[in-house]
Every structure is written in structure tokens, then in C-alpha cells.
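**Student:** Got a structure for you, written out below as C-alpha cells; questions coming shortly.
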Amino acid sequence: MSITVTNLSKNYGTQKAIDAISFTINKGEIVGFLGPNGAGKSTTMKIITGYLTASAGTAVVCGIPVEENNNESKKRIGYLPEANPLYHDMYVREYIDFVTRLHAVTNKKEKIEEIIKTVGLSVEANKKIGQLSKGYKQRVGLAAALVHDPEVLILDEPTSGLDPNQIVEIREVIKKLGVNKTVLFSSHILQEVQAICDRVIIISKGKIVADDSLLNLQKGKTDEHFVLVEFKETVSPDLLQTLDYISDIEHLQAFQFKLKTFNPEAVRKQLLELSLKNNLNIVSLQSESNSLEGIFKSLTN
């Protein structure tokens with residue numbers, strides 16, 4: 001196992017940031033770590049990387065207990081924290097060279113050029129970090145995490161603040177790296193997790209509430225479907241409450257509703273009948289199966 005977390009807890013006074021959580025991640029896995037703000041994601045990552053000590057439990061990286069042998073475990077980890085710490089007065093290539101010296105990388109020149117190409121920094125490599133856009137700064141942080149060729153990558157919100165094109169590019173980098181490395185990354189962008197990961201760990205209020213493949217999580221909610229309906233006119237939610245087979249109604253906008261149901265076909269038929277009876281105009285009507293967003297909301301609310 002590349003990462004093994006056993007009964008890990010972290011207390012801040014009487015508050016439990018994480019509460020006896022356990023999981024394992026194997027080499028070649030890209031695992032999404034999801035949870036609301038304050039759920040314990042960053043705390044867990046900081047303990048695995050050795051930047052925080054646990055109140056109880058253990059974290060083991062590549063067979064090395066983090067607390068017992070912090071320096072050795074850090075050699076196996078590439079870490080990109082949420083607040084990407086960079087020296088803005090340094091040039092990109094200069095900074096990456098600085099990081100290679102910290103890690104005592106032997107073939108420095110070849111490694112620096114290889115990493116610059118891998119994360120797509122070639123065009124900006126001769127600029128000062130402070131002159132870069134947010135997207136390129138994230139790439140510099142990722143380069144620093146990769147330059148010593150770690151076995152494990154811990155990425156905390158790696159696509160935060162990036163534009164759609166930059167997100168796609170970083171996503172492709174992470175997917176390529178995941179072939180030969182272990183990747184644990186957190187994100188608030190659920191589409192990112194769906195695009196990159198086969199497995200997700202969901203944490204809420206310091207406890208793990210789900211740890212499974214996306215496919216199994218979605219299969220486990222096969223009785224949950226959604227019907228999305230948009231009217232041309234303002235419609236009261238009370239009118240929709242008269243429909244059968246509805247377990248929840250979410251009012252998205254003035255004219256849009258999301259209806260949770262176990263029988264979407266019947267609900268669509270009833271909506272058409274309702275619109276005719278009440279002289280309403282339906283602009284769009286569609287069904288969707290349970291999404292990661294729906295699973296996330298149901299597990300963390």
C-alpha cells in the first residue's frame with residue numbers, strides 16, 4: 001500500500017477536525033478526496049505529508065510511519081498545498097533548480113527540463129514567478145512537487161482558480177502521472193473528480209461517509225433519479241407537491257425545478273398533464289440519473 005491511514009484523529013481543543021478515519025490507497029490509483037469546507041480534508045493531507053502531527057492513529061507512506069520517520073516519508077511525497085507557497089521574486093527555472101537542491105536530485109539539468117515540459121511551463125520558464133497567471137503558478141507548484149520523482153502525490157485543490165482550459169490541461173497531467181504514482185487529491189469541483197478518478201473518499205464532519213468507486217456509489221443509489229423541468233411561467237412549488245412519486249423538490253430558479261423520484265417516466269407524464277390542466281408551458285423536460293453531486297449532497301447534508 002502506498003498510503004495507509006489507520007484510526008487517524010486530530011483534535012483542536014474540544015473540536016475534532018478528523019475522527020478515527022481509516023483508508024488505504026494503492027500504487028496507480030487516483031483517488032478524489034471530497035468533503036464540505038471544514039470537513040477535515042486539508043488536515044488529513046497535512047498529517048499524511050508530515051506537516052501536522054496526529055492526536056491519535058497512524059499514517060504510513062510507502063511502508064514508512066510518518067510520525068516516526070518524517071524525513072524519510074517526505075522523500076516519497078510530492079505535495080501541492082492549497083495555498084501554493086512560491087517565491088515570487090525567483091525565476092521559474094531558478095525556483096525549480098532550488099527545489100532540486102533541497103531534494104538532492106542528482107541529474108538536475110535533465111530533470112528540470114523534463115519537469116518543465118511535463119507541466120507545460122516551457123513558454124514561461126524564463127519569467128519571474130510573480131509575473132505568471134494563477135494557472136501557471138499552479139503549474140510551478142506542481143513542478144516543485146514532481147521534480148524529485150516521488151512515489152506519492154498529495155494535491156490539495158490543484159485546479160483552484162484556474163480557467164476551463166487550464167483545468168483540462170492540469171487534469172491531463174494528473175491522469176498521466178497516476179499511471180505510475182499514487183495520487184490523492186482534493187477538489188470542490190465535482191466534475192473534475194468524475195473526469196479523473198475511479199474512486200472517491202468522502203469526508204464529512206471529520207468522519208469518512210463513503211469510500212468506493214464512482215460506479216458502485218452510483219449503483220447504490222439506483223432508486224434515485226431526477227427530473228429537471230423548466231416552465232415559461234412562474235410556478236409555485238406547492239403545485240408540484242400534488243405530483244405522485246416525488247420525494248423532494250429543489251427550486252433551482254424562478255422557472256426551474258429539480259424533482260427527486262424513483263419513477264421518472266411517470267413524473268414526466270404527470271408534468272405534461274399538469275401543464276395542460278393549468279395552462280402552463282414547459283420549456284424543457286429531462287431526466288438524469290444520480291450524479292456525484294447528488295451523492296455528495298445526500299452524504300454530507
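**Student:** Divide by every residue of the chain the summed helix terms, -39500 (n - 2.57) for each DSSP H run of at least 4, and state the resulting mean residue ellipticity at 222 nm, rounded to the nearest 500 deg cm²/dmol. Don't jump to the answer; show the numbers that get you there.
**Tutor:** Numbers: 11 runs with 103 residues, N = 301.
Result for the chain: -10000 deg cm²/dmol, rounded to the nearest 500.
**Student:** Same structure again: Tell me which of G28, N70, I196 sits at the most positive position along the dipole axis of segment 3-217, charges placed on C-beta atoms (Lys, Arg +1; Asp, Glu -1).
**Tutor:** N70
**Student:** Something else now. In 5 Å bins starting at 0, how do the alpha-carbon pair distances of segment 41-198 split up by percent?
**Tutor:** For segment 41-198, the pair-distance distribution reads 1, 9, 19, 21, 21, 16, 9, 3, 0, 0.
**Student:** If contacts are Cα pairs under 8 angstrom and at least 6 residues apart, what is the relative contact order of the chain in percent? Please list the in-between numbers first.
**Tutor:** Details: 566 pairs, mean separation 58.0, N = 301.
After rounding, I find 19 percent.
**Student:** What dipole magnitude, in Debye to the nearest 20, does segment 3-217 give about its Cα centre under +1 on Lys/Arg Cβ and -1 on Asp/Glu Cβ?
**Tutor:** On the way: 26 positive and 24 negative charges, 49 e Å.
With Lys and Arg at +1 and Asp and Glu at -1, about 240 debye.
**Student:** Now a separate question. Looking only at Cα atoms, what is the convex hull volume of the chain per residue, in Å³? Walk me through the numbers before you get to the answer.
**Tutor:** Details: hull volume 46.8 nm³, N = 301.
Once divided by residue count, the hull of the chain is 155 Å³.
**Student:** According to a simple spin-label model (label point 7 Å from Cα along Cα-to-Cβ), what is the distance in nm between E110 and N11?
**Tutor:** 5.2
**Student:** For segment 225-300, what is the relative contact order in percent, using Cα pairs closer than 8 Å and at least 6 residues apart in sequence? Show your work: numbers first, answer last.
**Tutor:** Values: 112 pairs, mean separation 32.8, N = 76.
So the answer I get is 43 percent.
**Student:** Sort 49-59, 195-205 by the packing proxy (mean of other Cβ within 10 Å over each peptide's residues), most packed first.
**Tutor:** Working: 49-59: 17.4, 195-205: 19.9.
My ranking of the peptides, most packed first, is 195-205, 49-59.
**Student:** Okay, next question. Arrange F33, F226 by Cβ neighbour counts within 10 Å, fewest through most, would you? If you can, show how the numbers build up before the last one.
**Tutor:** Working: F33 26, F226 19.
Listed from fewest to most nearby Cβ atoms, that is F226, F33.
**Student:** Amide H to amide H, which residues 5 or more places from L153 or on other chains are under 5 Å from it, using H placed in the peptide plane?
**Tutor:** G78, T182, V183, L184
**Student:** Quick one: which of 137-148, 242-253 comes out on top by average Cβ neighbours within 10 Å, and what's the full order, highest first? Walk me through the numbers on the way to the answer.
**Tutor:** Working: 137-148: 23.6, 242-253: 12.5.
Listed from highest to lowest mean packing, they are 137-148, 242-253.
**Student:** Could you tell me how many degrees, from 0 to 90 and to the nearest 10, lie between the Cα long axis of helix 92-102 and the main elongation axis, the longest principal axis, of the Cα atoms of the chain?
**Tutor:** 60
**Student:** Please state the relative contact order of segment 18-105 as a whole percent: Cα pairs under 8 Å, 6+ residues apart?
**Tutor:** Working: 47 pairs, mean separation 14.8, N = 88.
So the answer I get is 17 percent.
Coordinate-derived values only; no laboratory data. In this text, all values refer to a predicted model and were calculated from it rather than measured experimentally. When we count neighbours, we look across all protein chains shown, and the Cβ atoms used for this are built from the backbone with ideal geometry, even at glycine.
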